[in-house]
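Down below is the structure, laid out as C-alpha cells.
The values are calculated or read from the model by the stated rules, or taken from the named source; none is laboratory data. Keep in mind it's a predicted model, so treat the numbers as computed, not measured. Every residue, glycine as well, gets a Cβ built from its backbone with ideal geometry; the counts of neighbours run over all protein chains shown. Side chains are part of the model used for accessible areas, which takes the heavy atoms of the whole protein and leaves out ligands, DNA and RNA. Shrake-Rupley method; radii C 1.70, N 1.55, O 1.52, S 1.80 Å.
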Amino acid sequence: MSNTATKELIEFLSSIPFFSEVSETALQKLSENISEETYFKNESIFKKGDEGHAMYAIRSGAVKVHDKGHIYDTFTSGHCFGEYALIDNDPRSASITAIEKTKVLKIEREHFLDLMKSDSGFSQGILAVMIKRHRELDTIQERLATSKLAIELANSKMNGLINGAMDAIIMFDSDFKIVLTNASANKLLENNDALHRNILFFLADESAGLIEGIVKSEASKGLTNKYLPSYIKVIGSSETETLNEGTISKYGNEDNTYFTLILRNIEDRLIAEETITLLTNKTQYLEEEIQELTNSYGIIAEDQSMKSVLNLIHQVAKTDATVLIQGETGTGKELVARAIHKESNRNDKPLIRINCGAIPTNLIESELFGHEKGAFTGATASRKGRFLLADKGTIFLDEIGELPLELQPKLLRIIQEGEFDPVGSSETIKVDVRIITATHRDLLEFSKSGKFREDLYYRLNVFPIEVPALNKRGNDIVLIAQEMINRFSKKLNKPTIHLNDTDASYLKSYHWPGNVRELQNLIERAVIISNNGSINWQSIIPNQQPNVQVINEVKQNRILTSKELTALEKENILKALKQTRWKISGKFGAAELLQIPPTTLASKMKVLGIERPI
C-alpha cells in the first residue's frame, strides 16, 4: 500500500468514533492488517445468529440493520458496526445487508486483540472510547429515569382523560376478553367488574355478529380506526338495552393484538331526530298542500253535475261534520277533500293525507296511530302517527274501504270520543281532528257482507258527496284537457296546443274508465309526442273515432280552413271510391257519383295522394 493510500486510510479510521481516541501511530499498525470487501445491493454481510469474529467500517455506500422485515437502523460512510465481536464470542444480534453497492473495511478480532496486548497507546485509546460510551450510557439512563416520570405523568393524564370521557371506552383482546373499561363503559354495561369478561356477551345477537365479523376480517390487516356501519345494541347486566354508534380500532403486534371499542349512546339523539322528523313531515304536508292548491287545474266545474258538488262543498266546509266522498277511481276525490279543508276554519292547520289501500296491513296501525319504542320488531324509537300530526287540522283517509276490519273500532273511537292509544302504549291521546274519507266502493254493501262495520259506515256517511265520472261532465272534459295541455306544454317546453272542435269530439266520445287520472296521463303523453304544435288524437285515444254528428254540427256553424276543406274532400272521394269498389269512370262509377268528369277525379286523386289499396 502506498504512503498516500496509507495516510488516507489512517485519516478515515480516525474519523470513526470507535477509533477517535487512538493515536495515528497505533492506527497505522491497525491498517497493516485491514482488508477491504465489496458488497452489492441486497447482499448479506452477516446474519443474525452468526458467530462474530470481525468488525466493519463503511468506506462508501449504505447498509441496513434489520431482523427479517423489521429495520432497526441504516448506516452510511463513516459508520462502523459489529465492534463487540472483537471482544466477545456472542452471536450477532441483528442482520446487516447492503442496500446499495458498499465498500467496507474488515478488522479481524485476532489482529485487534494482538494490538491491544502489544500497543499500550492503542489499548488506552480504545478504553477511553469505551469509558466515554459508558458515561453516555449513564446519561441515557438518567434521561430514561426522567422519561419514566414523564411517562407516568402522561399515563396519569391519559387515565384521567379515558375515565372522564363521556363516551364508553372498552378495550378487549383477540379472544374478545375485556382488558380495560372507563367509568362511562361501566355505566353502559351496568357492571363495575367487566374485566376478563367476553364483550360479545353484552351485545345483542346482531351487534355481536357485527363486532365479531369485523375483528376476524381485520385480524391480518393494519386496522387503525373504523366507523361501525350500523348501530350497536348493548344489553347491560340489568337488561337495559341501549342503541349506540361508535368506532373500533386495532393496535398491538402479531403476538398481542388488542381492540378499542368507543361507543356513544344515541337514545337522546334519536328522540331529537324523531321530533325533527315530525316537524319536517308537517312542513312537507303544508308544502304539498300549497302546491296542490295552487295548481292551475284545480276543480273545473261548468257542468251542472260538478256545480252541484261545489255547492255541497260550500255547505259543509265551515262545519266539522265527517264527510264521505264517493266516486269512481280518478274522479278527483282528493281535490274535493282539499277544497273542503281550504274553505274550513281549519285551513291554517295541515291537511294530512293517507291512502289506506297503499300501506301494508301490518304497518297501517302504526302509521295512523303511532307506536312506542319496542312495540314490535324494528320499533327502535317512538313514532307519532298521522292523527297526531293532524291535530287541530284535517285528516283525509283515501280508500277507507281498504281499512282492516280490526282497526275500524279505533277509528270509530276517534270519531266518537276524539282519543286513541298508540301501538304498545297504555297512554290515551286526545286529538281534535276533522275526518274526511273517500272510497270508490259501495260501503253499505260492504257492511252488509261483513267487510265493513255498519256503525262506522253511518258515522262516516254524515255528509256524503258523490263526485261524477268524467264522461258525465259534458264540456268539462275539454276544459280540463286544455288546462292540462297548457301546464304540460310549459313544463316540457313544448308549443302550446289549442283544442279545436274536432279534437273535442274525440275527447267527448271516449268513455274514460280511468276518469281525470287517465285523462292527465293521456294528455301528458300527447304533449310529449306532439309535433309542431299538433296532436293526432286518433293515435292517442284508445280505439276511438270522432263523433260524426258532432262534426257535422261543427261544420254547419263555422268556416273551414283550406287544410280542413282538403281533408274533407279527400275523405269524400275515398267514400265514393269505396262505395263503387274503386270504379272511377263509367256507369255507377265514382266520377258519376261525385258528378265530376273522370279526368278531373283522376287528377284530384293524384294531387291528394289517393291510391287503390293492393
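Numbers below:
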| read-out | value |
| --- | --- |
| Hz values of 3J(HN,Hα) by residue in segment 264-274 - Karplus curve (6.51, -1.76, 1.60), Gly and Pro given as x | 10, 5, 10, 4, 5, 5, 4, 5, 5, 5, 5 |
| Of the trypsin sites (Lys or Arg not before Pro) in segment 167-241, those whose Cβ has at most 12 other Cβ within 10 Å and which sit in DSSP loop | Lys221 |
| Derived scalar couplings ³J(HN,Hα) [segment 181-190; Karplus, 6.51 cos²θ - 1.76 cosθ + 1.60; whole Hz; x for Gly, Pro] | 9, 9, 4, 5, 5, 4, 5, 5, 7, 6 |
| Phi to ³J(HN,Hα) by Karplus 6.51 cos²θ - 1.76 cosθ + 1.60 over segment 21-32, Hz, x for Gly, Pro | 9, 8, 6, 5, 5, 5, 5, 5, 5, 5, 5, 5 |
| Size of electric dipole in the chain: Cβ of Lys, Arg +1 and of Asp, Glu -1, about Cα centre, debye, nearest 20 | 3640 debye |
| Fraction of accessible area attributable to carbon and sulfur, the chain (%, probe 1.4 Å) | 50 percent |
| Estimated Rh, the chain: Kirkwood, alpha-carbon pairs, angstrom | 35.7 Å |
| Whole-number accessible area per residue in Å² for the chain, which is evaluated in the context of all protein chains at 1.4 Å | 57 Å² |
| Gap separating the Cα centres of segment 122-139 and segment 15-72, nearest whole Å | 19 Å |
| Other-chain or far-sequence residues with amide H under 5 Å of Leu499's (modelled H) | none |
| Other-chain or far-sequence residues with amide H under 5 Å of Ala62's (modelled H) | Ile99, Glu100 |
| Amide H within-cut-off set for Ile45, under 5 Å, with H built and near neighbours excluded | Ile96, Thr97, Ala98 |
| Fraction of antiparallel bridges per DSSP, the chain only, in percent to nearest 5 | 75 percent |
| Angle in degrees between helix 515-529 and the longest Cα principal axis of the chain, rounded to the nearest 10 | 70 degrees |
| Between helix 3-14 and the chain: long-axis angle, C-alpha atoms, 0 to 90°, nearest 10 | 70 degrees |
| Which listed pairs, of Lys177/Lys216; Lys41/Lys106; Lys48/Lys132; Lys342/Lys392; Lys472/Lys563; Lys68/Lys177, have C-alpha distances above 21 Å, in listed order | Lys48/Lys132; Lys472/Lys563; Lys68/Lys177 |
| The chain: calculated mean residue ellipticity at 222 nm from DSSP helix runs of at least 4, using -39500 (n - 2.57) | -14000 deg cm²/dmol |
| q = 0.11, 0.18 Å⁻¹: log10 I(q)/I(0) that the Debye formula gives for segment 357-501, counting C-alpha atoms only | -0.60, -1.02 |
| Angle in degrees between helix 598-608 and the longest Cα principal axis of the chain, rounded to the nearest 10 | 30 degrees |
| Point-charge dipole on Cβ atoms (K/R +1, D/E -1) for segment 459-505, about Cα centre, debye to 20 | 300 debye |
